[in-house]
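The values are calculated or read from the model by the stated rules, or taken from the named source; none is laboratory data. Because the structure is a prediction, the values reported are computed rather than measured. Backbone-built Cβ (ideal geometry, glycine too); neighbour counts: all protein chains shown. Surface areas here come from the heavy atoms of the whole protein model, side chains and all, with no ligands, DNA or RNA. Shrake-Rupley method; radii C 1.70, N 1.55, O 1.52, S 1.80 Å.
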Amino acid sequence: MIGKKIHNFARQLWPLNRSLTGDGVRETLRQIAEHLPNLNIKAVPSGTQVFDWTVPKEWVVRKAYIITPSGEKICDFSENNLHLLGYSVPFNGELTLDELKCNLYTLPEQPSAIPYITSYYKERWGFCLSQTHLDMLEDGVYKVLIDTELFDGVLNYGELLIKGKSQNEVFLSTYVCHPSMANNELSGPTVVTYLAKWLEENIGELEYSYRIIFIPETIGSITYLSQHHKEMKEKTVAGFNITCVGDNRAYSYVPSRDGETISDNVAKHVLKWIDPSFVNYTWLDRGSDERQYCAPGIDLPIASILRTKYGSYAEYHTSLDDLEKVVTAEGLDGGYWAIRRAIEAIEKNKKFKVTVYCEPQMGKRGLYPTLSSKTSGEKVKLMMDFISLCDGKTSLLDIANKLNVPIWDLYDLVEKLESHSLIKAIE
Amino acid sequence: MIGKKIHNFARQLWPLNRSLTGDGVRETLRQIAEHLPNLNIKAVPSGTQVFDWTVPKEWVVRKAYIITPSGEKICDFSENNLHLLGYSVPFNGELTLDELKCNLYTLPEQPSAIPYITSYYKERWGFCLSQTHLDMLEDGVYKVLIDTELFDGVLNYGELLIKGKSQNEVFLSTYVCHPSMANNELSGPTVVTYLAKWLEENIGELEYSYRIIFIPETIGSITYLSQHHKEMKEKTVAGFNITCVGDNRAYSYVPSRDGETISDNVAKHVLKWIDPSFVNYTWLDRGSDERQYCAPGIDLPIASILRTKYGSYAEYHTSLDDLEKVVTAEGLDGGYWAIRRAIEAIEKNKKFKVTVYCEPQMGKRGLYPTLSSKTSGEKVKLMMDFISLCDGKTSLLDIANKLNVPIWDLYDLVEKLESHSLIKAIE
Amino acid sequence: MIGKKIHNFARQLWPLNRSLTGDGVRETLRQIAEHLPNLNIKAVPSGTQVFDWTVPKEWVVRKAYIITPSGEKICDFSENNLHLLGYSVPFNGELTLDELKCNLYTLPEQPSAIPYITSYYKERWGFCLSQTHLDMLEDGVYKVLIDTELFDGVLNYGELLIKGKSQNEVFLSTYVCHPSMANNELSGPTVVTYLAKWLEENIGELEYSYRIIFIPETIGSITYLSQHHKEMKEKTVAGFNITCVGDNRAYSYVPSRDGETISDNVAKHVLKWIDPSFVNYTWLDRGSDERQYCAPGIDLPIASILRTKYGSYAEYHTSLDDLEKVVTAEGLDGGYWAIRRAIEAIEKNKKFKVTVYCEPQMGKRGLYPTLSSKTSGEKVKLMMDFISLCDGKTSLLDIANKLNVPIWDLYDLVEKLESHSLIKAIE
């Protein structure tokens, strides 16, 4: 089960302090590149204008903790990187508990969870901890040390281009900006790493080229689009934003803005046959980089196939989103295969035309029972139904939907009929 | 509450003997013109050919009553103008009760109601009275006096043209041919009078021009179309036939023949948000001047927004359709606001395009919370959803439907985003 | 009741040994030609290449039976032509019961039925009998005689061309290749014979030309298409494959591949008004010559109107499909009228345009009550609704659907309005 390998890789990446920028992102990309030697790690300087946005300063964390009046070290970043508010500015000082509380963040409704909070676009400092922990804090003076630095550095991302037979591309995007959380987000980059490995292994047989990126969410996709959107608009035939693909509790789909692209139709088809009760979200439920890829004027055909969607599970954006109870090898395996099925469907989704007028004489080719009886017709029904729909205008996906079978049930049939020259793919 | 003023105006117009033609129509138009000084009162001579029809003779009633064998004056037109069959020819004579009964009209199933009956296109005379009254009539000889006159005069109507920024027009039509009845019809011309006053008061801000007519039903709309249909076909972008907008019991919609014009879509949207249980009629339920405006070859985009529809309430076309129990200030207020909301929606229903690629950075404009947390995203969800749909191709109405909010909830948002130059209207 | 005549004709054709080729087909066509003197009986030589297929050898049966060890003659073809496996090759020999059983066919689940089995495309011999009979056979040596011949002869079919006002054609196809079975298939050719008689009798009034063929199923339609498909693709506006139109248990519809042709829409309309609970099959339920007529590249607008569909009733393709319990005069009558209604609808299905702007003044033409009252409007509602939809773009069928009435309820109205020059048909 490939999910086991993916889970191990996620464990390996777990402790790194991913954020929009910084060492944690670079180290994550470096470890991904060990699996994907062709991964190109790019750097964009802080301050670069990207559409309506500006690439932020780079953030480095050396250490961060609080010393209680009793001398205990708490909220130690080195123990759990969620303790530090993302993009906290440096601070070194003493405060009373009441003063400190203005910079402490908890989730009262989930008292055991450390929340994940960031302040990318306003300079702040702060710590995140469980409500239970907060409730136990004694009165007195606390020492706070935040040894961070915000400076003009770079924003990094990884880009992998794989050449197929066609210049047209399938686009896969995932993000590497969240610290130690599992479904959102380590499931995304680890599953994409293994999908990319599979594509690299089959490079000679790919119909489409592949553009695969590992970026920080939002600012990363905006940055990437600002560099590549014209080329991508010409080339991209389909694609997926890949996140939250690691828990084993549900399958979900978030449409592109258009809602009827090939990515949407493939996603709905694949999920229907993997899990008929998959959650069918709308564009209004979106919340990741499809916001950029499908923005007016960008208009890429990008949908999302997920397990349990960001924002819809209790552990989301807290320390409870872990690699034990939430994300499992089984969950990752399901996420991997759903997207792989979708990519395979895109690869195979051609239009076929039957090469003879009327039904072919299957019998003379040994494809039909020679004795006609009350039931023999049923045996070859799928084959004859399929042929009857090969009009050169209906895609394999649409035929599968009309026949009410998974598209993958047709792959062998296509091969057999092609080998008998009874159908041919239309360019 | 504007409904109170409209109700008072309806009381004032109540006693006038409206019909297809005659003094009652002229006096009604004159009193409307007191509110709308720019109203142009037109006259078309009897005998004028209007498409397949001929403008009828003008009808004047001086007096009309019956004297019973006991000398009692009954069915006196001066007491209730419904007593006289509409367009009755003159008559002066004596008849037995049995002879008289051939010219008496009642509603046996509504014994207390005087029915409203007309005979425009065949020369007849008659009286209308309650079944209860008829049942009390004694045997004997009755004297009948109908001092009316049918002569080559004119058919009158009122026309108000209001210039907006565009030559394109919104068309409002209502009718002034029914004697003393309230929902059908005094609610129509009185509500339209107040809508026209509001438009006149906002004349500098109107996107569209307005063509508003007060006509006799059927022959009036046919006459008006015979004069203006080519110009109207070029200019009319939307419009409503306005009748039965005064009772407080229901909201209703009758589609145009096309069924999918902007008038239809606005009407359905507005009514859905005012009263989700509004009655959704079909073209086959039509029964007023939309029959002409939407006739093949005319094809104007005219729908109807009503309270309780003509023909669908017990008091319809009887003396029971009054300004006390049926039409109320609340009812008129609801009718006025439904149509005003519809007109406002037509005025505001532009297509907007976001001015930047990808999502705008709202934070730097002070439009976004600076601290990202589990819930902060929800706060600006409507704004970001709206921006995500501003593709320059989707109208504000369609966006409101996609967002499942009333279009008027978006007016402020449009203004705010336009003021930040984040969206612009597409010509 | 015409069904009675059709049933008698079916009884007459019953004993003939129809198959793909041979004397039974020729004699069937000859007897049909007694009703249809213009029927053209064609012959295509064995071995002719027809698209992907080859016209088979002609099959003649002189006698066929088995002699049991006790000397009893069983499975005698002269008693029931279903006993002989269709296209059996000659055989003369002795076998033990066990050897014989390899060539015996039964239906264990329907023990009293003789199954209908053929082996057109592989040379075999065999007998069909009831399971009950098989179970009674004694051990011992059986004598088998099959005096048949497969030789280079001809495949026959009948073609009837009827000229209407237009070169455009309605196509009717039925088949004559099944031996003694009633719903599938004698109901088809007998009903088509009587439909063709009706068309011939009305030849001066037909809008469309008619192409009617009596063919062996599959190989016959492929053969006919190989000769005529280009001409048919140009001319055919509608058509039906006619089979299983003789039992009185259900009405059914099988769509064309397109599913939205005029044939489909007429079929669904007619069946809805004849039997709202008609069975609505899909293209995947097809199973007769529509497989060829609607094949990709052929693409004719051919649907099927049936009573109980082939394959969906217990007696199908067995000796139980008879003219007593399954096919009845009532059943045939219903089948005849359903298709006749459909043909009439195709003939009448023009687009009409009202000749005046706005509603016509019906009163001056005596088409409208002169006294307007609360209810008088209802009386002419259908007429005014109909006129309101005569926009020159909506077909009579579509208007009937919008008005929710059977199309045949509009035929008189069309005639009346045409006679008053209020509507005219659009070319």
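Below is a table of values for the structure above.
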read-out: Descending Cα extents along the principal axes, chain B, whole Å; value: 93, 43, 36
read-out: Across the identical copies, how the C:CYS102 labels are spaced - nm, sorted shortest first, 7 Å along Cα→Cβ; value: 9.9, 10.0
read-out: Local electrostatic count at B:ARG62 - Lys and Arg +1, Asp and Glu -1, tallied over other residues with Cβ under 12 Å; value: -2
read-out: Under the Debye formula (equal points on every Cα, no solvent term), log10 I(q)/I(0) of the stretch A:161-316 at q = 0.10, 0.11, 0.20 Å⁻¹; value: -0.32, -0.40, -1.40
read-out: Zone residues, the stretch A:388-427, relative to C:THR54, backbone N less than 20 Å from point 7 Å out along Cα-to-Cβ; value: A:420-422
read-out: Nitroxide proxy distance, nm - points 7 Å out along Cα→Cβ at B:ASN40 and B:GLN227; value: 0.8 nm
read-out: Rg/Rg_ref, the stretch A:112-211, where Rg_ref = 2.2 N^0.38 Å and atoms are Cα; value: 1.68
read-out: Amide H contacts of B:THR308 (H built 1.01 Å from N, under 5 Å, at least 5 apart or other chain); value: B:GLY246, B:ASP247, B:ARG249, B:ALA250
read-out: The stretch C:6-85 - Kirkwood radius from inverse mean 1/r over Cα pairs (Å); value: 15.1 Å
read-out: Axis-nearest residue in chain C [Cβ, rotation onto B], distance in whole Å; value: C:GLU260, 12
read-out: Average Cα contact separation per residue, the stretch C:269-427, under 8 Å, 6 or more apart, as relative contact order %; value: 26 percent
read-out: Considering only chain B, percent of DSSP beta bridges that pair antiparallel, nearest 5; value: 70 percent
read-out: For the stretch C:284-341 and the stretch A:96-141, distance of Cα centres in Å; value: 76 Å
read-out: Lysine pairs meeting the criterion (Cα under 29 Å, 8 or more apart or interchain), as found in the stretch B:270-365; value: 12
read-out: Label 7 Å beyond Cα on the Cβ vector: B:ILE274 copy-to-copy distances, nm; value: 4.8, 4.8
read-out: The stretch C:158-303, relative contact order in percent, only Cα pairs under 8 angstrom and at least six apart counted; value: 30 percent
read-out: Distance (nanometres) between label positions extended 7 Å along Cα→Cβ at C:GLU79 and B:SER112; value: 8.7 nm
read-out: Cα-based shape type of the stretch B:68-110, given that a ≥ b ≥ c are square roots of the gyration tensor eigenvalues and the cut on a/c is 1.5; value: rounded
read-out: Chains A and B together, accessible area buried on both sides, 1.4 angstrom probe, square angstrom; value: 2300 Å²
read-out: Relative contact order %, chain B, counting alpha carbon pairs below 8 Å whose residues are six or more apart; value: 17 percent
read-out: Summed side-chain charge close to B:LEU145 - residues other than B:LEU145 whose Cβ falls under 11 Å, Lys, Arg +1, Asp, Glu -1; value: +1
read-out: Amide hydrogen neighbours beyond the local backbone of B:ILE423, cut-off 5 Å, H modeled; value: B:THR355, B:GLU418
read-out: Antiparallel content of DSSP bridges confined to the stretch B:130-255, in %, to 5; value: 30 percent
read-out: Residues in the stretch B:91-120 that a label on B:ASP147 would reach, taking backbone N under 16 Å of a point 7 Å out along Cα→Cβ; value: B:91-93
read-out: Estimated D of the protein assembly as shown in µm² per second, where Rh is the Kirkwood radius over Cα pairs and Stokes-Einstein applies at 25 °C, 0.890 mPa s; value: 65 µm²/s
read-out: Chain A, helix-only ellipticity at 222 nm - DSSP H runs n ≥ 4, -39,500 (n - 2.57), divided by all residues, nearest 500; value: -9000 deg cm²/dmol
read-out: Percent of beta bridges antiparallel (DSSP, the stretch B:35-148, rounded to nearest 5); value: 85 percent
read-out: Residues in the stretch C:182-211 that a label on C:GLU234 would reach, taking backbone N under 20 Å of a point 7 Å out along Cα→Cβ; value: C:208-211
read-out: Local electrostatic count, A:SER395, Cβ distance below 9 Å [Lys/Arg +1, Asp/Glu -1]; value: +2
read-out: Position B:GLU34, label points 7 Å along Cα→Cβ, spacing to each other copy in nm (shortest first, one decimal); value: 9.3, 9.3
